[in-house]
Amino acid sequence: MKSYRKELWFDVPKRRDYINITPMVDECLRESRINEGLCLVNAMHITASVYINDNEQGLLQDYDDWLEGLAPHEPVSHYRHNRTGEDNGDAHLKRQIMGREVVVAVSEGKLDFGPWEQIFYGEFDGQRRKRVLVKIIGE
Amino acid sequence: MKSYRKELWFDVPKRRDYINITPMVDECLRESRINEGLCLVNAMHITASVYINDNEQGLLQDYDDWLEGLAPHEPVSHYRHNRTGEDNGDAHLKRQIMGREVVVAVSEGKLDFGPWEQIFYGEFDGQRRKRVLVKIIGE
Amino acid sequence: MKSYRKELWFDVPKRRDYINITPMVDECLRESRINEGLCLVNAMHITASVYINDNEQGLLQDYDDWLEGLAPHEPVSHYRHNRTGEDNGDAHLKRQIMGREVVVAVSEGKLDFGPWEQIFYGEFDGQRRKRVLVKIIGE
């Protein structure tokens, strides 16, 4: 069994944004020289998500509006978590909707995707350096 | 390490439905001859889910009502994504709540489940052919 | 390839609670003697979650309030599932928001975590004995 590990770093200028990281994960898979296995991609921070969906700008704005409706940023005093001095209580909730991680099959040396699947980094508390972990195991 | 891959195809007559695919995944596991490992089951389409919960008809209707409350299908003009000519903006949101994939332990040649765990395909934009990927790795 | 399996048992006195199980999973990983691989941790019951987020008491209360807003326990007659004699329809919905499972990378014999990642057992229908499965594969 082979294993591969890499951290991808992000410093998103906005509080929230949605970044297509598929090309970066593809590059990791090439580096790994793994042909058959599983590829885990997870946010290493608890106010961010890694998820798979469509790379369509209208949809990314729909997600943002929807998440802001389900877990609004303001009033920041609404969240007990923010009594610690943070203002990111909402980000911990938004991240649960979108998820921490994806596991992608690796088949014949490729990410084994359906026609529209793309891997996104969802940032809900940006303007700081944060990481995504790519771990691939297989042969 | 052994690996196994199979696509399961669905053409759901309704826009939304919830289909117990546990017997199909069980059959995949038998075919794979893998005794210890991990089994990934994921929707290959971005308006569908694979999730694990109870095979109880009332609950399936509860899920449907609840998802429709959290991300209503209409008005379709509510979603920017639908300006592309689609009417499935809501389906991309519902799928995030229910999730893309499950990873199930394989132990002693079986799906290593608790008493009520069943794998479901959740369709949120049906009436077309769509796929689920089963990928199993182990020994 | 090595594989390891263990069940963790819980009997939560309250209906809902959020328990940091990271030390228990760390102990499993030590027992497994696996250095590189993947660690699956999943609820074996369908009214409970395993998720990764912050071990901060205010946040745990925020999660509880938020989940109760998205899928209220009462009126129990609101859920068709409860016509079976159960009163846990809400718990099946809350669990979908928080998720069934996490997959954690194992690197150099450790759970490969970012700075604040902790694994939680989220109970939404407690006062009974329930299980979490830890399955680790690798070398």
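Quick notes on this one:
- Failed criterion for B:E7 (all others in (1) farther than 22 Å from A:D112 by Cβ; (2) charged (D, E, K, R); (3) open to solvent by less than 60 Å² (accessible area, probe 1.4 Å) hold): (1)
- With respect to the stated conditions, B:N53 fails to be free of Cβ contacts under 8 Å to residues at least 12 places away in the same chain and of a type in the set (S, T, N, Q).
- As a summary of the residue check, A:E31 satisfies the conditions (1) facing chain B (nearest Cβ under 8 Å); (2) assigned to a helix (DSSP H, G or I); (3) within 29 Å of C:M1 (Cβ to Cβ) except for the one numbered (1).
- Residue check for C:L40: in a strand (DSSP E or B), open to solvent by less than 10 Å² (accessible area, probe 1.4 Å), within 14 Å of C:D112 (Cα to Cα) and not β-branched (V, I, T): yes
- One residue from C:D62, C:D90, C:D125 being acidic (D, E), crowded, with 21+ Cβ neighbours inside 10 Å, away from chain A (no Cβ under 11 Å) and not in a loop (DSSP other than H, G, I, E, B): C:D90
- Residue list for the stretch C:101-115, restricted to those being closer than 15 Å to A:I137 by Cβ and either part of a loop (DSSP other than H, G, I, E, B) or touching a Gly at 6+ places or on another chain (Cβ under 7 Å) (or both): C:V106, C:E108, C:G109, C:D112
- Candidates B:S49, B:S3 - the one that is part of a strand (DSSP E or B) and within 10 Å of chain A (Cβ to nearest Cβ): B:S3
- Residue in the stretch A:10-26 that is in contact with a helix residue (DSSP H, G or I) (Cβ under 7 Å, 6 or more places away or on another chain), open to solvent by less than 40 Å² (accessible area, probe 1.4 Å) and not hydrophobic (A, V, I, L, M, F, W, C) present: yes
- Among residues of the stretch C:103-112, those that are within 7 Å of another protein chain (Cβ to nearest Cβ) and within 17 Å of A:R100 (Cα to Cα), counted: 3
- Qualifying residue in the stretch C:79-92 (condition: in contact (Cβ under 8 Å) with a residue 12 or more places away in the chain, in contact with a helix residue (DSSP H, G or I) (Cβ under 7 Å, 6 or more places away or on another chain) and within 26 Å of B:E139 (Cβ to Cβ)): no
- With respect to (1) under 28 Å from C:K2 (Cα atoms); (2) in contact with a Pro (Cβ under 9 Å, 6 or more places away or on another chain), the lone exception for B:M44 is condition (1).
- Hits in the stretch C:93-122 - residues which are open to solvent by 10 Å² or more (accessible area, probe 1.4 Å), of a type in the set (D, E, K, R) and either touching a residue at least 24 places away in the same chain (Cβ under 8 Å) or touching a Phe, Trp or Tyr at 6+ places or on another chain (Cβ under 9 Å) (or both): C:R100, C:E101, C:E108, C:K110
The values are calculated or read from the model by the stated rules, or taken from the named source; none is laboratory data. What you see is a predicted model; the values in this text were computed from it and never measured. Every residue, glycine as well, gets a Cβ built from its backbone with ideal geometry; the counts of neighbours run over all protein chains shown. Side chains are part of the model used for accessible areas, which takes the heavy atoms of the whole protein and leaves out ligands, DNA and RNA. Shrake-Rupley method; radii C 1.70, N 1.55, O 1.52, S 1.80 Å.
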